[in-house]
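The values are calculated or read from the model by the stated rules, or taken from the named source; none is laboratory data. A quick note: this is a predicted structure, and the numbers were derived from the prediction, not measured. Methodologically, a virtual Cβ is constructed for each residue, glycine included, from the backbone with ideal geometry; neighbour enumeration extends over all protein chains shown.
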Amino acid sequence: MKIKAVLFFCFCFVFFAFQLANEKPVFVPKNWPKPVYNFSKNPLNENTIELGRALFYEPQLSRNNIVSCASCHSQYTAFTHVDHALSHGIEDKIGRRNSPALMNLAWQQLFMWDGAVNHLDVQALAPIANPLEMDENISNVVKKLQHTKHYPKLFYKAFGDSIITGEHTLKALSQFMLTLVSHNSKYDSVMRKETVFTAQENSGYLLFKKNCGSCHTEPLFTNNEFKSNGLPIDTTLNDYGRYEITKNKKDSLKFKVPSLRNIEFSYPYMHDGRFKKLSDVLKHYTTGVMHNQSLSEELKTPIVLNANERVDIVAFLLTLTDRSFLFNPNFSYPKNLFLDSTKD
Amino acid sequence: MKKIAFILFFVFDTVLFVEAQNDSTISISFVFRYNDKIVDLSDSSFIANDSNHLQIDALRFYVSNICFLKNSTVLFQEKNSFHLIDASNKNSQTLFIKNNKASFDEVSFNLGIDSVTSVSGAMGGDLDPTKGMYWTWQSGYINFKLEGKSVNCPTRNNTFEFHLGGYLSPFNCLKTVFLKSTNPKNIVVVFDLNQFLSSVDLSTQNQIMSPNKQAVLLSEKAIKSFKIINP
């Protein structure tokens, strides 16, 4: 009994010391607000991030073992699904909305276009279970992962327990997603006074701050609120956004204000991907806004921008592209984990 | 290293010793009844040979924040008190609670999961989302799940499904059950399905699967269906 207890404590000590050595500090870029994610309940750790990365690219999360998170959230396009107005999932079934770009998630409280999800940890449950996306359930995912050769080992390295649980699966996914921080665009370099805008970009920046910045607030380029931006309703979808969650009429047609970082790569735009080009988006805000009862205060007086000014704003928006994020090898498909020799 | 292990071991041993001294464990057992029959879903669905051809396929709910009270004052509150009670899992139906303050006259618990816990991310144990009591399309726990069939349901295959939950106003479904108890050791709590189902009009209320007004109303009916058997 005593020997067992001593051994147990030795093990605990070594394990926690080992975990501590791998602990990764939370990275908050200069002049950014405090993250809303509670890291104390899920402290970042190299092994857990690596597990989360494997899970993010893991097709066994879907019913037919073909669709992974990365299928609709591809790194090179700011972790979203381009080219399709409505993203498609399992067996090419068409979803109801455009997949959102994933970045700077530690600064968001509510997820999805309608805020249906209240915490990053539980976000993945929605696409996993959606019959149009991955059509699987988390308890079956856990069973499938437990039956592989490599995942129990990865879970052991990450959590000190090779028995896989839903909690650990979701927390590992969160850890990887929390590392997806985009903060190295040209805009960021200008703010850090490492470079300067061109005259056109600067003109665009000033116009942006005046006309767009109250909702797409710097430095995250979103105020994380839900707004009705005057898009006429698409009667083939009848999507009322936030209202569907709160059942409050004031929330009708409100959708989450998305971040504009890496917007060059995250086309098409809006919750239903109705605009292919940034110039279409700007035309909407200047001449396309339909008045409805919940229309955002900021849009009640029309935004006036001439053609040149719209071009300048687009030039500024392109400075939000962060190539070091889009091509960061730490975020890409983890070949080392999926090689045949290490897998089964 | 040896020293640390020794100190840790000493502390651990002392804790065990103290706990053994003050061992006054209270058990709370949950029993599910329909009329005079016990509803046990361990092996198969429950079928009542009544005129409604009632069938129960699933019955499970969260019990949280268990308290013992005396004269309506809380004497004891269980820490990290989250229990999934499942009519198909015998092991889930009896809870053991260590409590030194034995003199109480009332037991209370929440039927479901509170709002703070509901927005705290992924959790383990009975709160693990693999337990089938977490909504996926919208965050939040299902507090209470009852599924079955009745000829009174004008639905496909006569099924009814009650997934009651929701933590946000105005559809907060978390309700507290208060039960007078004269037994200080072994408490038996009965969930009376007859009482619950007779308070529901199955011809109109048969599919509730999201936080809404109906879910709140049915949650209130559910807490009234708990009874305690006092000796």
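Just a few scattered comments:
- Flag if residue A:163 is in a helix (DSSP H, G or I) and either within 14 Å of chain B (Cβ to nearest Cβ) or at pLDDT below 95 (or both): no
- Of all residues making up the range A:103-133, the number that are in contact (Cβ under 8 Å) with a residue 12 or more places away in the chain, surrounded by 22 or more Cβ atoms within 10 Å (Cβ to Cβ) and either away from chain B (no Cβ under 14 Å) or part of a strand (DSSP E or B) (or both): 2
Rundown of residues vs (1) in contact (Cβ under 8 Å) with a residue 24 or more places away in the chain; (2) basic (Lys, Arg); (3) part of a helix (DSSP H, G or I), yes/no style:
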{"residue": "A:26", "(1), (2), (3)": "yes, no, no"}
{"residue": "A:35", "(1), (2), (3)": "yes, no, no"}
{"residue": "A:40", "(1), (2), (3)": "no, no, yes"}
{"residue": "A:48", "(1), (2), (3)": "yes, no, yes"}
{"residue": "A:55", "(1), (2), (3)": "yes, no, yes"}
{"residue": "A:60", "(1), (2), (3)": "yes, no, yes"}
{"residue": "A:64", "(1), (2), (3)": "yes, no, no"}
{"residue": "A:67", "(1), (2), (3)": "yes, no, no"}
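Results for (1) closer than 21 Å to residue B:216 by Cβ; (2) in contact with a Gly (Cβ under 8 Å, 6 or more places away or on another chain); (3) assigned to a strand (DSSP E or B), shown as yes or no for each residue.
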site	(1), (2), (3)
B:56	no, yes, yes
B:64	yes, yes, yes
B:79	no, no, no
B:96	no, no, yes
B:110	yes, no, yes
B:137	yes, no, no
B:148	no, no, yes
B:151	no, no, no
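- If the condition is being among the small types (Gly, Ala, Ser) and without any contact (Cβ under 8 Å) to a residue 40 or more places away in the chain, then the range B:93-127 contributes B:120, B:121, B:122, B:124.
- Filter pass, residue A:86 being within 14 Å of another protein chain (Cβ to nearest Cβ) and either buried (at least 21 other Cβ atoms within 10 Å of the Cβ) or of a type outside the set (Gly, Ala, Ser) (or both): no
Quick grid of which residues meet (1) within 11 Å of chain A (Cβ to nearest Cβ); (2) within 20 Å of residue B:200 (Cβ to Cβ); (3) surrounded by fewer than 23 Cβ atoms within 10 Å (Cβ to Cβ):
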| site | (1), (2), (3) |
| --- | --- |
| B:115 | yes, no, yes |
| B:138 | yes, no, yes |
| B:141 | yes, no, no |
| B:152 | no, yes, yes |
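- Spans of helices (runs of 4 or more DSSP H) in the range A:171-249 with at least 1 residues hydrophobic (A, V, I, L, M, F, W, C) and over 23 Å from the mean Cα position of the chain (by Cα): A:186-191, A:199-211
- Within the range A:213-260, restricting attention to residues that are surrounded by fewer than 18 Cβ atoms within 10 Å (Cβ to Cβ) and touching a Cys at 6+ places or on another chain (Cβ under 8 Å), the residue that is farthest from the other protein chains (Cβ to nearest Cβ) is A:223.
- When residue A:294 is tested against (1) touching a helix residue (DSSP H, G or I) at 6+ places or on another chain (Cβ under 8 Å); (2) surrounded by fewer than 13 Cβ atoms within 10 Å (Cβ to Cβ); (3) small (Gly, Ala, Ser), exactly one condition is not met: (2).
Rundown of residues vs (1) at pLDDT below 95; (2) surrounded by 15 or more Cβ atoms within 10 Å (Cβ to Cβ); (3) farther than 30 Å from residue B:96 by Cβ; (4) among the charged types (D, E, K, R), yes/no style:
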position	(1), (2), (3), (4)
B:183	yes, no, no, no
B:191	no, yes, no, no
B:200	yes, yes, yes, no
B:223	no, yes, no, no
B:226	no, yes, no, no
B:231	yes, no, no, no
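- Residue check for residue B:76: crowded, with 17+ Cβ neighbours inside 10 Å, farther than 26 Å from residue B:147 by Cβ and touching a strand residue (DSSP E or B) at 6+ places or on another chain (Cβ under 6 Å): yes
- Between A:311, A:304, A:281, the distinction of being free of Cβ contacts under 8 Å to residues at least 24 places away in the same chain, of a type in the set (Val, Ile, Thr) and either assigned to a helix (DSSP H, G or I) or touching a helix residue (DSSP H, G or I) at 6+ places or on another chain (Cβ under 6 Å) (or both) belongs to A:281 only.
- Verdict on residue A:275 being crowded, with 17+ Cβ neighbours inside 10 Å, free of Cβ contacts under 8 Å to residues at least 24 places away in the same chain and in contact with a helix residue (DSSP H, G or I) (Cβ under 8 Å, 6 or more places away or on another chain): yes
- All positions within the range B:165-181 that are surrounded by fewer than 16 Cβ atoms within 10 Å (Cβ to Cβ) and basic (Lys, Arg): B:180
- Of all residues in the range A:69-81, those satisfying the criterion of being assigned to a loop (DSSP other than H, G, I, E, B) and in contact with a Phe, Trp or Tyr (Cβ under 6 Å, 6 or more places away or on another chain) are A:73, A:78.
- Pairs, first in contact (Cβ under 8 Å) with a residue 60 or more places away in the chain and at positive phi in the range A:205-223, second surrounded by fewer than 18 Cβ atoms within 10 Å (Cβ to Cβ) and of a type in the set (S, T, N, Q), C-beta under 6 Å, six or more apart: none
- Residue in the range A:134-147 that is buried (at least 23 other Cβ atoms within 10 Å of the Cβ), of a type outside the set (S, T, N, Q) and either more than 9 Å from every other protein chain (Cβ to nearest Cβ) or in contact with a Phe, Trp or Tyr (Cβ under 6 Å, 6 or more places away or on another chain) (or both) present: yes
- Whichever residue in the range B:117-135 is of a type in the set (S, T, N, Q) and either under 12 Å from the mean Cα position of the chain (by Cα) or buried (at least 20 other Cβ atoms within 10 Å of the Cβ) (or both) and, among such residues, is farthest from the other protein chains (Cβ to nearest Cβ): B:118
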